[in-house]
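Structure first, commentary second.
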Amino acid sequence: MKKNILLLTSSDVDEEFVNALKDSFKPLKEVRLTVLTEEQYGGNATTRIKTALRHAAVRLPHRRTVAPKPKNRRVKSSESAAELPAGETKKSLNKKLRRIRNAILRFEPERIVVLSPYAMGLAHKAKKKSGFKTEIFGTACAFTHDNTFFDLAADGYTVQNVEQKNKMTELGFKPDRVFIAGFPLAAKEYTSDAVAEIKGRYCRLDKPTVLLNGGLGSSEIKDVYAMLSEQGGIINLLTRPGANNKITAEIRKNAEDKGLTHVVVINKNDSLDECLAVADIVVTVYDAAVIYKALLLKKRVIVFGARNALQEGDFKFLASKGLVQYAESYADTVISMYKLFEDGLESAAFETDLDLFINKEPLAEVTSLISRLSGGEEVQ
């Protein structure tokens, strides 16, 4: 009989992470991954409201879930930063906890894997309320330490890099329960002929291509789009506004009204893999999945529009490693683009830095690790 793993996610988690994990577990004979989404444990109406509240909180960097801890002080699990956001009622919380408990009783998972601070908070509250013994395992979806995701009550974590592990152990987490495994993502590679065919469908073959990515639908993309679209026909501009249909419609209308034939607006359901395959440069808001997949494909990346301390920390960390260009103003995105074209997109130093940072098979490693842990094996 297959052993179950319950993946608990929330609406503010990038679907790329969830879909990659789902697909990677399909071939495994011993383990089955069951995904419990916020729509399933929270209901569609409450999901929309809570998502809006969480996104509103993200826009205000000064609003913290908990006060910052003094240095050299161990964080108690009771002081975990993985608390529920403001606006949660006791009734809605109890409904979610009851549904999570019912899922655990139904599937009897060996492990609960969570991908966000919100899901981490729910998992621990459900465990405390219901008394189940299932271990809770966090998979980090950021490049630097996220204090809102850190919880000493968790049974283990997979993280992207050694700096994250060192920070967790400094705060008191057991080193043998933090595993460096990269992100659970894989990038699809195409042959040169396939890339040419895809590019021909989207845009002109004789011009370099810039992919402008808006993540979950960040409004910041509009200012950068305005600047990049005004650069004329020297580039193909693939614009992927993301989940915000209003912004997508505005940008599409702007391109049509101005007759910008070098601009192609990508729908949220169009293939991200194809867009990344034809891009020479990726310009993006904070979108860890897109950034990571672009780096796996050795694409040059320009990041902008950090909304909080964690996002800014990730951008500065990646820039310090020589992996991205951090545009601290909208105008800097255009300056950085021209500098990359001028210096040349191929760089031995960039590829060396990339090889030191990127796990070549992160998806396989995370999948294997969670599978082995759920089978009760010791992992070194």
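The values are calculated or read from the model by the stated rules, or taken from the named source; none is laboratory data. Values in this document were obtained by computation on a predicted structure and should not be read as measured data. Glycine also receives a Cβ, built like all others from the backbone with ideal geometry; neighbour counts cover every protein chain displayed.
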For Gln164, only one of the following conditions fails: (1) polar (S, T, N, Q); (2) assigned by TED's automatic domain parsing to the domain that holds Ala289; (3) under 20 Å from Glu16 (Cβ atoms). What is its number?
(2)
So, in the stretch 311-354, of the ones that are among the charged types (D, E, K, R) and under 24 Å from the mean Cα position of the chain (by Cα), which residue ends up farthest from Val162 (Cα to Cα)?
Asp332
Which residues, taken from the stretch 10-22, are outside any loop (DSSP other than H, G, I, E, B) and closer than 19 Å to Lys268 by Cβ?
Glu15, Glu16, Phe17, Val18, Asn19, Ala20, Lys22
What are the pairs with Cβ atoms under 8 angstrom where one residue, in the stretch 1-14, is without any contact (Cβ under 8 Å) to a residue 60 or more places away in the chain and surrounded by fewer than 20 Cβ atoms within 10 Å (Cβ to Cβ) and the other, located anywhere, is assigned to a strand (DSSP E or B) and β-branched (Val, Ile, Thr)? Sequence gap at least six, or different chains.
Lys2/Val31
Name the pairs whose Cβ atoms lie under 6 Å apart, with the first residue in the stretch 172-187 and in contact (Cβ under 8 Å) with a residue 40 or more places away in the chain, the second surrounded by fewer than 19 Cβ atoms within 10 Å (Cβ to Cβ) and among the polar types (S, T, N, Q), and 6 or more positions between them or separate chains?
Gly182/Asn359
Please go through the stretch 141-188 and give me each residue that is farther than 24 Å from Ser320 by Cα, in a loop (DSSP other than H, G, I, E, B) and of a type outside the set (Lys, Arg), ordered by number.
Asp151, Leu152, Ala153, Ala154, Asp155, Gly172, Phe173
Taking the stretch 310-330, which residues are under 21 Å from Ile221 (Cβ atoms) and assigned to a loop (DSSP other than H, G, I, E, B)?
Ala327, Glu328, Ser329
Can you work out which of the residues in the stretch 324-356 that are in contact with a strand residue (DSSP E or B) (Cβ under 7 Å, 6 or more places away or on another chain) and of a type outside the set (Ser, Thr, Tyr) is surrounded by the fewest Cβ atoms within 10 Å (Cβ to Cβ)?
Leu345
Considering only the stretch 255-283, state which residues are under 17 Å from Leu185 (Cα atoms) and not in a loop (DSSP other than H, G, I, E, B).
Leu272, Asp273, Glu274, Cys275, Leu276, Ala277
